[in-house]
1. Please compute the modelled spin-label separation between residue B:126 and residue A:352, points set 7 Å along Cα→Cβ, answer in nm with one decimal.
2. Smallest Cβ-to-axis distance in chain B, for the rotation taking B to A: which residue, how many Å?
3. Calculate one ³J(HN,Hα) per residue across region B:454-464 by plugging θ = phi - 60° into the Karplus curve 6.51 cos²θ - 1.76 cosθ + 1.60, and present them in order as whole Hz with x for glycine and proline.
4. Per residue of A:25-35, how many C-beta atoms from partner chains lie within 10 Å of its own C-beta, taken as a mean?
5. Amide H to amide H, which residues 5 or more places from residue B:40 or on other chains are under 5 Å from it, using H placed in the peptide plane?
6. For region B:54-69, what does the Karplus curve 6.51 cos²θ - 1.76 cosθ + 1.60, with θ = phi - 60°, yield as ³J(HN,Hα) per residue in whole Hz, taken in order and with x for Gly and Pro?
7. Arranged by the count of other C-beta atoms within 10 angstrom, fewest first, what order do A:440, B:390, A:157 take?
8. Dividing the alpha-carbon radius of gyration of chain B by 2.2 N^0.38 Å (N being the number of residues), what value is obtained?
Protein chains: 2
Amino acid sequence: MKQSQILIPTKKEAPSDAEALSHKMMARAGYIYQVSAGVWAYLPMAYRVIRKVENIIRDEMAKAGAVEMMMPGLLPADLWKESGRYESYGPNLFKLQDRKDREFILGPTHEETFTSLIRDSIKSYKKLPLVLYQMQDKYRDEDRPRFGILRGKEFEMLDGYSFSADQAGLDAAYDKQAIAYRNIFNRIGLEYKVILADSGTMGGKNSQEFSAPAAVGEDTIVYTDGGYAANIEKATSKFDGVQQHAALAELAKQATPGAHSVDEAAESLGIESNQIIKAMLYMAKMADETFQPVLVLMRGNDEVNETKVKNALDCLELELANDEQAKKYLGASFGSLGPVGVGEDIKILADRYLEGLVNVACGANDDGYHYINANRDRDFRVDEFGDFRMVQEGEIAPDGLPIKFTKGIEIGHIFKLGTHYSKQMGAQVLDQNGRLTDVMMGSYGIGISRLLSAVAEQQADENGLVWPDSIAPFDVHVIPVNAKNDDQMKVANEITTDLEAAGLEVLVDDRKERAGVKFADSDLIGLPIRVTVGKKATEGIVEVKIRKTGETIEVKVAELVNTIQILLKNNLQQAE
Amino acid sequence: MKQSQILIPTKKEAPSDAEALSHKMMARAGYIYQVSAGVWAYLPMAYRVIRKVENIIRDEMAKAGAVEMMMPGLLPADLWKESGRYESYGPNLFKLQDRKDREFILGPTHEETFTSLIRDSIKSYKKLPLVLYQMQDKYRDEDRPRFGILRGKEFEMLDGYSFSADQAGLDAAYDKQAIAYRNIFNRIGLEYKVILADSGTMGGKNSQEFSAPAAVGEDTIVYTDGGYAANIEKATSKFDGVQQHAALAELAKQATPGAHSVDEAAESLGIESNQIIKAMLYMAKMADETFQPVLVLMRGNDEVNETKVKNALDCLELELANDEQAKKYLGASFGSLGPVGVGEDIKILADRYLEGLVNVACGANDDGYHYINANRDRDFRVDEFGDFRMVQEGEIAPDGLPIKFTKGIEIGHIFKLGTHYSKQMGAQVLDQNGRLTDVMMGSYGIGISRLLSAVAEQQADENGLVWPDSIAPFDVHVIPVNAKNDDQMKVANEITTDLEAAGLEVLVDDRKERAGVKFADSDLIGLPIRVTVGKKATEGIVEVKIRKTGETIEVKVAELVNTIQILLKNNLQQAE
């Protein structure tokens, strides 16, 4: 392919609003074009990368027995009303009407559509299992689209769905997908972690998230060198139990004027902040749409993990109470809240680290006052103990090793949905005994367009993009230093013909630009191998540069194809 | 691929609302699934066909020097306000808002988006020509979606755009696309006509439409055996001029009580209906948004071609006047309208066949009265003569041969847009003389999903679909008559392995269904070659059936691969 025929609008400067390395470099390298905030075009080079990713996915999906098809992006609202997500999905859902005022949405994911297909098409367990997938643009009305194509309103996803008649079938399909996902990310040449994750709004309980460590990642990944990895929302640390042994002292109320934080209260009381209870009042929207006040108790220096609380309550939404609600339910403001004297109408959850403590301090539900020597059962009630806290870096993980934090980009997620959607939407088949049974579902997704961002975040350098060979838009960049020099152009064309005959994809910079411009653009574009055809071309010698390492070697034209094949093979092996 | 792993939900009955053969058969064969009216899923078999069509397109686009990329489907309304189409496109445009009430549309076509990309990316003629294309789902809020995937609200299109610095560049790009389109349709194995067409709302003047003759086609194609072909809106016949020679008789007003139609008036007056003028009053919305009354005159037995009138007026919209407007402007109702005494405020267009007539009859603008012996210039005024009539079957075409009519499905359309969009949106480059010049554009489209309907309309039979080999989802359907018979399954698996090793794509019906069900499904699915593995399998003999012709032959297993390769090659040659 001649560079003059393909649109690669490289730029010296990144867009002023670009924060992420991947955004800066993909924009500068002429890979992406912003049509609107969070809405991007994939220019020819980016689209070549996307198609290579798609082909790797297609290959691995076929190996896993999954079959490709294509659902529409425009979905009738009725389908989402059946599942309940039309209301519960929130403001990220694009809603619209057609000319006859029928309601539609733009699909952010397709559980409902596939469930409906199977409900209408499959009547017997004999036709299962089935694993179907599609690679398609999805829509989410992001509040803050950012980082280029990493978080956009429209983005390409692989979404797959498995349908089985029983749990064993679901487990098998899920396991095959888990393997396929690893193969896909390995072939792309991406560093990633498989982490325990919360399932969010997907309705499933069993899931694995695939996350690519990167500075701009929006998730905090908790991991150890031993292989433990979890999302911060899900992460837990090793807990051996704590039991303080001391005589129960007398409950006493003390003034703590001006102490609004735990640390201030501890200082005022002259105790360690770990011996004081932090009490946080939440309002939980329950399944029956009522709101339930919930008081969550922690050690003073711990933070509440709201996802864990939400899961324990199995509520639809969880929000920190406002000052007015705190006054109404507990008679005091945040900073002076505590469990002593709290009525049965307020549910009290406590972190497991509190279970063995005695003689603790806590807010007195009276502004400017705390209790000391409060003791459970004698002075206050706890309805449920559990793990409700955020883990902290340096703690010991369940595998016995110290916890580390890193930022990560979510690139894939697989879920065992079970019968959540099939029950809601009536997708049933006859089982072996002729009885109707709810279809067991799994849901599997990879963010295809954001994979490009993840790769760029991990592999780009200060000169531009660096693509792994498996997904590079072309394998080789051939650069005649002077496109007006007939000898150089002749060698460049011969080389291109030879490389293409060997099955390699070649971009030839046939532009009449200065050599400096061409080299800078070549680094920006980031193909794995650059072949420079310069003054020694007449002697049959060209220069080969490896983009990733910057290494250069002079190679005889006659040995070029062989040399490049070996170099690409090595690149590939390093990536695996 | 095993049939048990792929979703092909065949049905005995077509959906009750299915009118078109293609709709019935694609639904019965388990190729498509309706998600909402006019919104379809492509099930695995249909999606395989679509991907084969995409690959043929990709191949021919590369040969034509066109480069693939991908625009978003969600487009900011502002872009379409720049071109004026946000208002002018009409109710087919899906409009929506994001969470911050910013206006968006779902792209039905992408002239604006590509023009904006080029405006922002290209500053010099040196970077042109460029031809960019994408294959993408488009959205049109169709009033009456119908015929399955032939006319849907969401459908897949190839849309391409060429950008050149001058007319010669546009002409060259357009010609290359015209060739590529012919190659694509030829390779798919579709019967089609290249016709003169009206450009509609695309804003271009020079265009070719590709239309596939089919019973459910929504366009009337006018053609001759000599190669003339045009849309009914654009079609014209050979016109040698008409000149009647007779003394001008005296204008006289006659009562024509109860005569509302031309035929009734002619009978009442005792003349041929061709000697009477049909006068139709239209209201034209002009470029300045004012409404202009226009009286269009025809021979009595001709019909007005509103597209030709609209083009002559260069107006935004053209609507037949209502009775109230007829009364207001001409003082009479339809049926008694005529040109005599009409003031200068009403524009009068007349078909060229009227130019040489003398002593014609016409409505008197007085209900129940006609004039006889009306003569132009003496009795009435004509502002412009032209070709404003619908051609009729059997007339002589411009190529001297008799005109035939057929129904056709529009499958492709190429336009020379010129500078329409670049002027509106300010896409300019510096030319060779350093002067800013508007970029010359072309726009090129193929309806990818509706191609499947067109092929099915032309090639399906009463038993089901019949796919040309170039786009068939698989090449060969291997059917072990009894999947419980180990010998048959063994031969079926061996055959499959051999065929796949030879590069053929094979679907094996491994389902434990009755033979009759399998054969019926096989005919419905419509793969080019069926191999039946039955009782003679143990003797090493299988049956080969050609789906298109129904011919069957017995073949030795050892010769099967070779036989099928020859058969498919023949199929392919017939299609070319």
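1. 6.9
2. For the rotation taking chain B to chain A, the closest Cβ gives B:96, 2.
3. My calculation for region B:454-464 gives 4, 4, 5, 4, 7, 10, 5, 10, 5, 8, x Hz in order.
4. Details: counts 0, 0, 0, 0, 0, 1, 0, 0, 8, 2, 12.
Mean shielding count: 2.
5. Those qualifying (amide H under 5 Å, at least 5 residues apart or on another chain) are B:35, B:154.
6. Taking θ as phi minus 60°, the curve returns 4, 5, 5, 4, 4, 5, 6, 5, 4, 4, 8, x, 8, 10, 7, 8 Hz for region B:54-69.
7. Details: A:440 25, B:390 18, A:157 22.
Going from least to most buried by this count: B:390, A:157, A:440.
8. On the way: Rg = 29.3 Å, N = 576, 2.2 N^0.38 = 24.6 Å.
Computed over Cα atoms of chain B, the ratio equals 1.19.
Laboratory data are not the source of any read-out in this text; all were calculated from the coordinates shown. In this text, all values refer to a predicted model and were calculated from it rather than measured experimentally. Every residue, glycine as well, gets a Cβ built from its backbone with ideal geometry; the counts of neighbours run over all protein chains shown.
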